[in-house]
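To keep things clear, I will list the structure first and then write my remarks on it.
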Amino acid sequence: LTQWSVSFWFFTGYGTNSSLIYFGDGTNAYRIRHAANIYITFFYNGVQQGVATVGSHFGVWNHVTITKDAGNTLRYYFNASLISTTTTSNISTINIFRINNSADLPFGESGMDYNTRYDQVLFYNTALTLANVQTIYASGTGTTTLPSTGNLLLRYELNEGTGTTTVN
């Protein structure tokens, strides 16, 4: 994919370092990581490509969207505000998408954080605009109001209420 967006809500009750979202082609990988409870970091093939400081956010739901446009520019949005931009490399095919656990994958991270909760995980094959991100954020957790881009590839509502696994 030359452009994409990943958007999700997460809740954590304490400072932690953990993979939030991992996706790639089995050889190359992107990983979004929550670090020291004040950073959202982005990795390509195990190398940090960018970091966004989001401040302390214990005990509340927070919304993250990261977009990549055709020019390889990454935009980090936290609670519907653009907080950072950087550049990265492109992965042409994405056929692996994981929430939280990436230990068994190339450039993954060992261990799972069982205290982070997720909601409304979305993956698009377009770079969402600020207005799109704000629409998703305004809908809140657990709702189904999404921007009508027509480019939604994956959608995990995570409304089961029990368990540790979800499938598409």
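Computed from the coordinates by the stated procedures, all read-outs in this text should not be read as laboratory data. Predicted, not measured: the structure shown is a model, and the values here were computed from it. Reconstructed Cβ throughout: ideal geometry from the backbone, glycine too, with neighbour counts over all protein chains shown.
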With the alpha-carbon atoms as the only input, what is the per residue convex hull volume for segment 1-89 in Å³? 84
Quick calc: nm separation of the 7 Å Cα→Cβ label points for F97 and F58 -> 3.3
